[in-house]
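Worksheet for the structure shown next.
The values are calculated or read from the model by the stated rules, or taken from the named source; none is laboratory data. Note that this is a predicted model, so its numbers are computed, not measured. Because the Cβ atoms are built from the backbone with ideal geometry, glycine has one as well, and the counts that use them run over all protein chains shown.
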Amino acid sequence: MTLLTVENLTVAFPGRSGTVNAIEDVSLSVSPGEILGMVGESGAGKSMTGAAIIGLIEPPGRIAAGEIRLEGQRIDTLRPDEMRRIRGRRIGAIFQDPLTSLNPVLTVGEQLIETIQTHLKLPKDEARARAIDWLRRVGIPAPEARIDTYPHQYSGGMRQRVVIALALCAEPRLVIADEPTTALDVSVQAQIIALLRKLARETGVAVILVTHDMGVIAETADRVAVMYAGRIVEVGPVAEVLTAPRHPYTRGLMASIPRIGARPDVLPQIEGAMPRPHARPAGCAFAPRCPVRIEICGQTRPDLTGHATRSVACHLSEEVPA
Amino acid sequence: MTDPILTVTGLKKTFDLSQPFLTRLTQGGGRKYVHAVDGVDFTIPRGTTLSLVGESGCGKSTVAKLLMGLTQPSAGSIRFDGHELAGTRAGQPPAVRRRMQMIFQDPYASLNPRWRVARIIGEPMKSFGTHPDPVARRKEVDRLLEFVGLSAADGEKFPHEFSGGQRQRISIARAISTKPEFLVCDEPTSALDVSVQAQILNLMRELQRELGLTYLFISHDLAVVNYISDQIGVMYLGRLVELAPADRIFAAPQHPYTRLLLDTVPDITMAHRDMDRPAGEVPNPITPPSGCHFHPRCPLANERCRTEAPVFRAHGDSQVRCHAVQEGRTDPMPLRKAG
Amino acid sequence: MTDTTQIKTTPSALTRLWNSDVAWNFRRSWTARISSVLILILFAAALFAPLLATQNPYDISQLFLLDSELPPAWIEGGDPRYFLGTDEQARDLYSSILYGLRLSLIVGFASVALAAVVGISLGLLGGFVGGMVDGAIMRVADILLSFPAILVALLVNGIARGVLPPERHADAAIWVLILAIGLTNWVQYARTVRGSTMVERQKEYVQAARINGVSGMGIMLHHILPNVLGPVLVIATINLGMAVLTEATLSFLGVGMPATQPSLGTLIRIGNEYLFSGIWWVVIFPSVVLVALVLAVNLLGDWLRDALNPKLR
């Protein structure tokens, strides 16, 4: 059965000029051990979706509609203290900036041990042994010595490895990773991606990987959901979506990414810009920029249609060969 | 090769990061220096683009600042169209300064949030005196706005009313307002979303063609660099390790670091490669490794690499700073993939 | 290759202000509205003092000594002509408060203005130039901060009195006060502006200005100054309350405004001396007005700080 199901999720922010929906009608599912990538531009809603799942939407923002179920249990309606227990124990998180994700005044070991003890209720020495073991698994050399060092004594890539260990040490079922490699150098990024994949396979944890970088998705994820203007516009296995995208936005996106080896005279581009949450047009949000729009696109919003593993939100999708 | 517009020789910049004297006296410890730029040589022919790529601490941004006179070189020479650009920006004659401009990485910090866009774009024209009359200047600002894909009415707005991509267009309009010949572009698309990046890159290519601009393009993104460059220079911890025409770099990279970079770039067409090769991280620039800075991460490092810094030398079409290459110990890199 | 920007006519500055987040916050905040109404009332009272007062309390010819020490009008023994009563010299208290409020506000505003100008200038200079200039300015600031403001004000006051001939003391009192309070309060402006300047100096629009040949002075005045003034407004508002209080304290101690031109603090001092003879109104009413003024200013300043704080929006 699926580990996580999100159905028709809408997150609203009441503002000066009325309520704005940061994300609308988002539905997805994650199976155990699967890596789902969520890709989109800044403001498309991918981080917001991750935050909603883990229960970190800041007021006055709130979940206005929809359901989130973790292993069959609804988690969007839980009280804050109940959600706190789930956070960490059953859902882990990895954020973008390793510098601010770790407490600078505690040693790496103290933070790991605290997490392990809180969620797994183990005695101190066993927790310490586990912490050392996790450091080794994420590739920190000489973990017995480094467990008592402080975050500032680590390099950026090493710190992110520690953050991964911190997220996984409580043995969660799901990990939300929000732009885990964006702040890192390219060569380090590759190592972190590989590490994430390896650990996901080994521990069977599911990962929702939020990023704007298609390359990272290609190398890491099993399935990908493309978000645009607060909605999911396309979902499917990574190889399919990336090589044969069916939504015009995805197609435009893939075409506009520069590749090594190809040097077109003009890089294909998508005209215009993604509308901001309060200025979304009626009908399909991508229609104003879409090269193949037809009349209905400006009037009715297309629903996400397709089957369980592959769906698109586009009026023209039935006509495009799969 | 067309005439070079910019020639850089032996460029060095060293930052003194030592603690204050009293602290050193009481706590011990010597002086600490960072050789941010450690002897860089390159030439850019008129109308072409040289890109500098590298990861954090490689010195590419410092090179940009040195060229624009925002900081003074510790050693070396910068010749722009025959003029020696010694010292700070203020020391360079205005006629030369007008011909060199810069575009910055952060679209949110590169425009004064309290100024209207028209004033921002008009500032270089005002200060270099190319358009002293305010009315004429405003007309030129309107024309520039249209030229970069915005509208003349946008001149009355403030920067925060624009998206990141639009702000970069405003930055570009400002940069070309004095009709410069040379543009230093410091990671201009790194802070932008992918679909906007393509727009800005296309705009820059078009401007280069129409205005005959020469670019020094700085980036960490090899794919972007591939699209826009004629020459590519790879930097590591302050040194240029490889400099070659763009297609050579991608078809036949020589330096082990260049190969590492190409290998580790996430590629949308190569899903799920096995990349568990230990590749290490960029060391701390204050205490770089001895000899060749790359030797701790290099699969081809030998004793000589540990003790002796290699020299920049031509190797076919490329220039490479590597003992292994010069000793013939590297095997030709298999083509990454066709096309 | 155009970008789809919506072309709208640009609204005027006033319209933008009315529609801004700050104005919207203001309309929603009780404390902001009440305190600003109160401040407006007090400012208007001070401004129109000559019109609102029933007499000019400094004009001896208008005083009738028989009317001295009268209680407020609603108490037995009071006189409706002297609404809040009179003091020992038959000065109408209501009028005295109006004129005193005026003096308190003049000193308050002027000293804040002086402190702001000095502080912003030094902060900009130190933050932008750095090095030894910055070090010198900050050391002067540190030294100044280690003295209690009242003591410094007393010191300045004492020097002024020593320098000036006795007959000029009364006239010069207001300037001495402004100088004393202003020169002790500039440090907070300088520190804030210096910090903001150091941040803005690193930003790329400043680098762009340097590349375009703008002089250091030009960058400081035209580029950096507009961007560091935000927190200054909050400091100035809260500082106003403090300045008024400091002036009142100095006057209460006898080294501020003289009895011939009493500010609220002087009135409180005068009334204090007669408190135990049962003449309570001369102390209470000026005190109430003083407290109301400072409270309103502080509340407005607090609201402003939260309203302008981008992190709380």
Of the conditions (1) at pLDDT 85 or above; (2) within 14 Å of chain A (Cβ to nearest Cβ); (3) assigned to a loop (DSSP other than H, G, I, E, B), residue B:310 clears all except one; give me its number. (2)
Could you list, in sequence order, all residues of segment B:161-177 that are assigned to a loop (DSSP other than H, G, I, E, B) and buried (at least 24 other Cβ atoms within 10 Å of the Cβ)? B:177
Sort out for me the helices (runs of 4 or more DSSP H) sitting completely within segment A:132-226 that have 2 or more residues that are within 14 Å of chain B (Cβ to nearest Cβ). A:156-168, A:186-203, A:214-220
For residue A:63, indicate whether it is surrounded by 15 or more Cβ atoms within 10 Å (Cβ to Cβ), more than 30 Å from residue A:257 (Cα to Cα), without any contact (Cβ under 8 Å) to a residue 60 or more places away in the chain and more than 16 Å from the chain's Cα centre (by Cα). yes
Considering residues that are buried (at least 24 other Cβ atoms within 10 Å of the Cβ) and either outside any loop (DSSP other than H, G, I, E, B) or within 11 Å of chain B (Cβ to nearest Cβ) (or both), the number found within segment A:37-46 is 6
Can you report the number of residues in segment A:235-272 which are within 10 Å of chain B (Cβ to nearest Cβ), free of Cβ contacts under 8 Å to residues at least 24 places away in the same chain and in a loop (DSSP other than H, G, I, E, B)? 15
Working carefully through the options A:293, A:301, A:276, find the one that is within 17 Å of residue A:252 (Cβ to Cβ) and not aromatic (Phe, Trp, Tyr). A:293
How many residues does segment A:232-284 hold that are more than 21 Å from residue B:189 (Cα to Cα) and among the basic types (Lys, Arg)? 2
Looking at segment B:63-77, which of its residues are buried (at least 22 other Cβ atoms within 10 Å of the Cβ) and either of a type in the set (Val, Ile, Thr) or in contact with a His (Cβ under 8 Å, 6 or more places away or on another chain) (or both)? B:63
Does segment A:162-170 contain any residue that is under 30 Å from residue A:117 (Cβ atoms), without any contact (Cβ under 8 Å) to a residue 40 or more places away in the chain and surrounded by 24 or more Cβ atoms within 10 Å (Cβ to Cβ)? no
For residue C:177, state whether it is part of a helix (DSSP H, G or I) and surrounded by 22 or more Cβ atoms within 10 Å (Cβ to Cβ). yes
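Conditions (1) among the charged types (D, E, K, R); (2) at positive phi, marked per residue:
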{"position": "B:12", "(1), (2)": "yes, no"}
{"position": "B:16", "(1), (2)": "yes, no"}
{"position": "B:23", "(1), (2)": "no, no"}
{"position": "B:30", "(1), (2)": "no, no"}
{"position": "B:38", "(1), (2)": "yes, no"}
{"position": "B:59", "(1), (2)": "no, yes"}
{"position": "B:65", "(1), (2)": "yes, no"}
{"position": "B:79", "(1), (2)": "yes, no"}
Going through B:52, B:85, B:22 one at a time, which residue ends up being crowded, with 22+ Cβ neighbours inside 10 Å and over 27 Å from residue B:221 (Cβ atoms)? B:85
In segment C:51-86, which residues are among the hydrophobic types (A, V, I, L, M, F, W, C) and surrounded by 13 or more Cβ atoms within 10 Å (Cβ to Cβ)? C:52, C:53, C:63, C:70, C:73, C:83, C:84
For segment C:138-172, give me each residue that is more than 24 Å from the chain's Cα centre (by Cα) and of a type in the set (Val, Ile, Thr). C:163
Identity of the residue in segment B:294-307, within 14 Å of chain A (Cβ to nearest Cβ) and crowded, with 17+ Cβ neighbours inside 10 Å, that ends up nearest to residue A:154 (Cα to Cα): B:297
Take the conditions exposed (fewer than 15 other Cβ atoms within 10 Å of the Cβ) and of a type outside the set (Val, Ile, Thr) and apply them to residue A:109. Does it pass? no
Which is within 10 Å of another protein chain (Cβ to nearest Cβ), closer than 24 Å to residue A:258 by Cβ, surrounded by fewer than 24 Cβ atoms within 10 Å (Cβ to Cβ) and small (Gly, Ala, Ser), of B:191, B:198, B:153? B:191
Scanning for something among the polar types (S, T, N, Q), within 12 Å of another protein chain (Cβ to nearest Cβ), out of contact with any Cys (no Cβ under 8 Å at 6 or more places or on another chain) and within 19 Å of residue A:40 (Cβ to Cβ), does segment A:295-313 turn up at least one residue? no
Given the condition within 14 Å of chain A (Cβ to nearest Cβ), touching a Ser or Thr at 6+ places or on another chain (Cβ under 8 Å) and surrounded by fewer than 19 Cβ atoms within 10 Å (Cβ to Cβ), answer yes or no: does some residue in segment B:125-143 qualify? no
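One line per residue, one yes/no per condition, for (1) of a type in the set (Val, Ile, Thr); (2) within 14 Å of chain C (Cβ to nearest Cβ):
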position: B:40; (1), (2): yes, no
position: B:68; (1), (2): no, yes
position: B:84; (1), (2): no, no
position: B:99; (1), (2): no, yes
position: B:116; (1), (2): no, yes
